[in-house]
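Visitor: Sharing a structure below in structure tokens format, with a few things to ask.
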Amino acid sequence: MSSADSEDPRARRARETFATVPYAKFLGLELGEVKSGEAAIHLQVRKQLKQNQGVVHGGVIASLIDTAAAFAVASKLEPGERVTTTDLTIHYLRPVTAGRLTATARIVRAGRRLFVLSVEVCQDQHLIATAVTSYIRIN
């Protein structure tokens, strides 16, 4: 049995869905590992993602975080279920000017309607940003 055959069906759906997200393609996001309640998203820094001081724009990092969290939640959803972000608190810890970023999101609590997640953004071994976010089921 291949690893694709043994992958959780929800994680597989999350992977299939990622390929259809235009904003993720626009930013250049890459889906990493997806497990039940956890997802990693990668981003290669390029000049179009920087503000005028040469640092990656905070909104780009926020989008990276939000996307990782969304796909961690997607790995727990049934077909047809939908969610949306209710809040996002980010602590930017280091400026980034080059390299590859990875956001790893983990569900901390999954209730009947609300998911609470913790997200870390790293570059190599350096912690770049942390976040706490929540999503609510909308159907």
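The values are calculated or read from the model by the stated rules, or taken from the named source; none is laboratory data. Everything numeric here is computed off the predicted structure, so don't read it as measured data. Here the Cβ is made from the backbone with ideal geometry for all residues, glycine too, and neighbour counts use every protein chain on show.
Visitor: What tally of residues in segment 88-111 results from selecting those that are surrounded by fewer than 17 Cβ atoms within 10 Å (Cβ to Cβ) and more than 23 Å from V34 (Cβ to Cβ)?
Guide: The qualifying residues number 8.
Visitor: Looking only at segment 18-37, filter to residues that are of a type outside the set (A, V, I, L, M) and crowded, with 16+ Cβ neighbours inside 10 Å; which one of those is modelled with the highest pLDDT?
Guide: G37
Visitor: List, please: which pairs have Cβ atoms under 6 Å, are six or more places apart or on different chains, and start with a residue in segment 20-47 that is on the phi > 0 side of the Ramachandran plot and end with one that is part of a strand (DSSP E or B) and surrounded by 19 or more Cβ atoms within 10 Å (Cβ to Cβ)?
Guide: G37/I107
Visitor: Of the residues that make up segment 100-115, is at least one in contact with a Ser or Thr (Cβ under 7 Å, 6 or more places away or on another chain) and of a type in the set (F, W, Y)?
Guide: Among the residues of segment 100-115, at least one is in contact with a Ser or Thr (Cβ under 7 Å, 6 or more places away or on another chain) and of a type in the set (F, W, Y), which makes the answer yes.
Visitor: Something else: Hey, does segment 56-75 have a residue that's assigned to a strand (DSSP E or B), surrounded by 13 or more Cβ atoms within 10 Å (Cβ to Cβ) and either at pLDDT below 90 or not aliphatic (A, V, I, L, M) (or both)?
Guide: No, there is no match, as no residue in segment 56-75 is assigned to a strand (DSSP E or B), surrounded by 13 or more Cβ atoms within 10 Å (Cβ to Cβ) and either at pLDDT below 90 or not aliphatic (A, V, I, L, M) (or both).
Visitor: Quick check on segment 85-102: of everything there that is part of a strand (DSSP E or B), among the polar types (S, T, N, Q) and more than 13 Å from the chain's Cα centre (by Cα), which residue is nearest to F115 (Cα to Cα)?
Guide: Looking at residues that are part of a strand (DSSP E or B), among the polar types (S, T, N, Q) and more than 13 Å from the chain's Cα centre (by Cα), I get T86.
Visitor: Scanning for something within 17 Å of T17 (Cβ to Cβ), of a type in the set (A, V, I, L, M), touching a residue at least 40 places away in the same chain (Cβ under 8 Å) and touching a Ser or Thr at 6+ places or on another chain (Cβ under 6 Å), does segment 60-72 turn up at least one residue?
Guide: yes
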